[in-house]
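Reading through the structure tokens given below for one structure.
The values are calculated or read from the model by the stated rules, or taken from the named source; none is laboratory data. These numbers were taken from a predicted model, which means no experiment stands behind them. Glycine gets a Cβ as well: all are built from the backbone with ideal geometry, and neighbour counts include every protein chain shown. SASA here: full protein model, heavy atoms, side chains in, ligands and nucleic acids out. Shrake-Rupley method; radii C 1.70, N 1.55, O 1.52, S 1.80 Å.
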Amino acid sequence: MEGDGSETLVTIKNIERELICPACKELFTHPLILPCQHSICHKCVKELLLTLDDSFNDVGSDNSNQSSPRLRLPSPSMDKIDRISRPGWKRSSLTPRTTTFPCPGCEHDVDLGERGINGLFRNFTLETIVERYRQAARAATAIMCDLCKPPPQESTKSCMDCSASYCNECFKIYHPWGTVKAQHEYVGPTTNFRPKILMCPEHETERINMYCELCRRPVCHLCKLGGNHSNHRVTTMSSAYKTLKEKLSKDIDYLIGKESQVKSQISELNLLMKETECNGERAKEEAITHFEKLYEILEERKSSVLKAIDASKKLRLDKFQTQVEEYQGLLENNGLVGYAQEVLKETDQSCFVQTAKQLHLRIQKATESLKSFRPAAQTSFEDYVVNTSKQTELLGELSFFSSGVDVPEINEEQSKVYNNALINWHHPEKDKADSYVLEYRKVNRDEEMLSWNEIEVCGTSKVVSDLESNCSYAFRVRAYKGSICSPCSRELILHTPPAPVFSFLFDEKCGYNNERLLLNLKRDRVESRAGFNLLLAAERIQVGYYTSLDYIIGDVGITKGKHFWAFRVEPYSYLVKVGVASSDKLQEWLRSPRDAVSPRYEQDSGHDSGSEDACFDSQPFTLVTIGMKKFFIPKSATSTNEPENRVLPMPTSIGIFLDYDKGRVAFYDMDHMKCLYERQVDCSHTMYPAFALMGSGGIQLEEPITAKYLEYQEDM
């Protein structure tokens, strides 16, 4: 018996690798079985879901920027506004439902469905094995009685019904003969208590008594009758148990019978590892040799270039020195002037004339040089700037000889960056690579070469988190097929927005005109309908009627911090205004009569056509005009206001940056993250994203601005 116990101890200790959670890399704690049949700790599943929930659609004001909390504020209330409630959608910023995440074991996406974690089975078998391993590992560590008065005694039994451990005395007290408790099931001391009967996670009062062969999971009879497994092939639990146990036993016997073959293959693998190590070191030495040759060439060229620069510098300095000496001779009592002063002292006319003629020519020449001063040499070394752009590009592409794996290419159109970056790429090969490695690093303005961060990816896209605001990042990707690696793709440089993403949807209640505006169910897209009502209103044009703008705002207000959001204006749009506005200004606009808008009142200037300079002051709003595929920069008191300087091509996507604390708003071209226009804005009240449309037009909020706060809900 002792020998059997020792053998069991060795066996348990040898399987530690199978008892490690792929997420936390520690022994499993309350493991759950994922739909892909891999197990993961309960706490790890929760952490993964929370992490992914804050991933690509992370709202920086909630998490990354604690100094500027995002406040959910009600939109300005209006007395004469229809309040429309659209079914089929639910809005919640506090409990977003993320149920899909990549399995840490196989990297494939798993969907937990509507019930989320509650729909997963607990792996009690694995949990029991882990507990046996823990006991074997701590060997002499005793499990103490849970009911003893201090100090507790060592336990001798554990009751599976009570989920507690007892010493002999306590067990007798709490499980007296002749009572129901005396019939409880007890085992040796353990900390692993599991239910005697598995219950269905979807139908919590039903026992598990069948096995779904399609989903490879236990189910109850209600799951088969009218649940998700009604059309699946199921079998009885006893039949599934017998079949799987036979298969597992047969496979284990086969592996045990091939033990000698496994050992020989292990020896072969060890030899291959040694060979790989030697070949790897040899390849490193050859690579070092090639780089040293490059270093020698660079050092030689460096020496040659520096010598040329030094020679040119010496020649120029010599010329300057000669010129300095000549000019010093023009000073009183020095050089030429001093010599001329001595000649003037000559009283003999013949001798004076003989010497003064040549001296006079030299004095005239010096006088002319004073009138037209010209340095003897140039100070600029522009002709000596080394052009290394082509060589830098070639060195950046420096790689191995053709490896047989094509280079992946990053898709610039589908790659976007907000708080996080979504990088997409495609592979020219028909047979995709086994995996990819995405590399990224921050591009320092001082051109300091920072090290690359690496992420292993199974698919052809990846979300990169934890990027700093207002920074440039370089991305590149390489492919792996087996042990063969492709060269890196060309680098893609993306610039993060100047502030964390601000999430909101269009407000369907405040100021929304459903006669002329069409809002989709998700509330992330609005269109302007120039329909029959507008034609009827056109009859009043001859009496001074002016078509007004139809406003729509975001459903979330801003009272603090820095925020950034982005959207697309449809190319067919006739006139769209976008920007920010305060709550009091919005109420003023939305209460103004639509049928009697004064032609003297300009809705985006904030004044009744008084002095033009008034619009340059800080106003409680700022709106820019977009339309007919153009972006119109407002007039400015400090810059030229010529039309050709104020009209730009309309960007594909437009971003708005609001610094509430400093009272600044800026408009960005998202394709290049370039600021197109910036100005002061009065932020003394709650500020809202504001939009206005006239004629045909459409605005689509970018997905990262809306996705986190949308929650689908079936219309019952």
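So which chymotrypsin sites (Phe, Trp or Tyr not before Pro) in the stretch 437-508 are both in a DSSP loop and have at most 14 other Cβ atoms within 10 Å of their Cβ? Mind dumping the intermediate values first?
Numbers: sites: TYR440, TRP452, TYR473, PHE475, TYR480, PHE502, PHE504, PHE506; in loops: TRP452, PHE502, PHE504.
Listed in order of number, the matching sites are TRP452.
So what are the ³J(HN,Hα) numbers for the stretch 575-590, from phi and the Karplus equation (6.51, -1.76, 1.60; θ = phi - 60°), rounded to whole Hz, Gly and Pro as x?
8, 9, 10, 9, x, 9, 8, 7, 4, 5, 5, 4, 5, 5, 5, 6
Tell me, what is the per residue accessible area of the stretch 406-489 in Å², probe radius 1.4 Å? Could the numbers behind the result be given before it?
On the way: 4610 Å² over 84 residues.
Using a 1.4 Å probe on heavy atoms only, each residue of the stretch 406-489 averages 55 Å².
Could you state the per residue volume, in Å³, of the convex hull enclosing the Cα atoms of the stretch 297-394? Write out the running numbers ahead of the final one.
On the way: hull volume 11.4 nm³, N = 98.
Cα convex hull per residue, to the nearest whole number: 117 Å³.
Give me the accessible area per residue for the stretch 155-278, probe 1.4 Å, as a whole number in Å².
On the way: 9010 Å² over 124 residues.
Value for the stretch 155-278: 73 Å² per residue.
When the accessible area of the stretch 116-264 is computed with all protein chains present and a 1.4 Å probe, what percentage of it is carbon and sulfur?
The computed percentage sits at 55.
Please list, in chain and number order, the residues 5+ apart from LYS157 or on another chain whose amide H is under 5 Å from its amide H, with Hs placed from the backbone.
For LYS157, the qualifying residues are TYR166.
Greater than 27 Å separation of Cα atoms is the criterion. Which listed pairs, LYS585/LYS662; LYS462/LYS522; LYS43/LYS263; LYS630/LYS662, meet it?
Cα-Cα > 27 Å for LYS43/LYS263; LYS630/LYS662; rest within.
Show me, for the stretch 200-216, the HN-Hα J-couplings you get by feeding each phi into the Karplus relation (A = 6.51, B = -1.76, C = 1.60, θ = phi - 60°), rounded to Hz, glycine and proline as x.
6, x, 8, 10, 5, 9, 9, 7, 6, 9, 9, 10, 7, 6, 6, 8, 6
I'd like to check one number: the per residue accessible area of the stretch 286-394, probe 1.4 Å, reported in Å² as a whole number. Working shown, then result.
Details: 9440 Å² over 109 residues.
Accessible area per residue: 87 Å².
Within the stretch 295-390, report the trypsin sites (Lys or Arg not before Pro) that DSSP leaves as loop and that have at most 15 other Cβ atoms within 10 Å.
Numbers: sites: ARG301, LYS302, LYS307, LYS313, LYS314, ARG316, LYS319, LYS345, LYS357, ARG362, LYS365, LYS371, LYS390; in loops: LYS345.
Here the trypsin sites (Lys or Arg not before Pro) that fit, given the DSSP loop and packing criteria, are LYS345.
List residues of the stretch 658-696, by number, whose backbone nitrogen lies under 20 Å from a label position 7 Å along Cα→C-beta of LEU648.
Under 20 Å, as judged by backbone N against the label point of LEU648, lie 658-659, 664-681, 690-692 of the stretch 658-696.
If amide H atoms are built 1.01 Å from N in the plane of the peptide, which residues on other chains or at least 5 residues away come under 5 Å of the amide H of LEU198?
Residues meeting the criterion, in which the H sits 1.01 Å from N, are ILE208.
Karplus couplings for the stretch 165-178 from phi (6.51 cos²θ - 1.76 cosθ + 1.60, θ = phi - 60°), rounded to Hz, Gly and Pro as x?
After applying 6.51 cos²θ - 1.76 cosθ + 1.60, I find 10, 9, 7, 4, 5, 5, 4, 5, 5, 8, 10, x, 4, x Hz.
Pairs of alpha-carbon atoms within less than 8 angstrom and 6+ residues apart define the contacts here; what relative contact order does the stretch 453-500 have, in percent?
Working: 49 pairs, mean separation 19.0, N = 48.
Relative contact order for the stretch 453-500 comes out at 40 percent.
Quick one: which residues, 5+ away or cross-chain, put their amide H under 5 Å from the amide H of GLY561? H built at 1.01 Å from N.
Close amide H contacts, sequence-distant or interchain: TYR660, ASP661.
Compute and list, largest first, the equivalent-ellipsoid semi-axes of the stretch 457-534 from the alpha carbon gyration tensor, each √(5λ) rounded to a whole angstrom. Could the numbers behind the result be given before it?
On the way: eigenvalues 387, 60, 29 Å².
After scaling each eigenvalue by five and taking roots: 44, 17, 12 Å.
What is the local net charge at GLN364, summed over the other residues whose Cβ is closer than 12 Å to its Cβ (Lys, Arg +1; Asp, Glu -1)?
+3
Calculate the translational D of the stretch 210-359 in whole µm² s⁻¹ from Stokes-Einstein, where the hydrodynamic radius comes from the Kirkwood formula applied to all Cα pairs, the temperature is 20 °C and the viscosity 1.002 mPa s.
Details: Rh = 27.3 Å.
For these conditions, the coefficient is 78 µm²/s.
Just in the stretch 349-384: which chymotrypsin sites (Phe, Trp or Tyr not before Pro) are loop by DSSP and have at most 10 other Cβ atoms within 10 Å?
PHE373
Number of Lys pairs in the stretch 181-247 with C-alpha atoms less than 27 angstrom apart, excluding same-chain neighbours closer than eight positions? Kindly include the intermediate steps, with their values, before the conclusion.
Values: LYS181/LYS196; LYS196/LYS224; LYS196/LYS242; LYS196/LYS245; LYS196/LYS247; LYS224/LYS242; LYS224/LYS245; LYS224/LYS247.
The number of close lysine pairs in the stretch 181-247 is 8.
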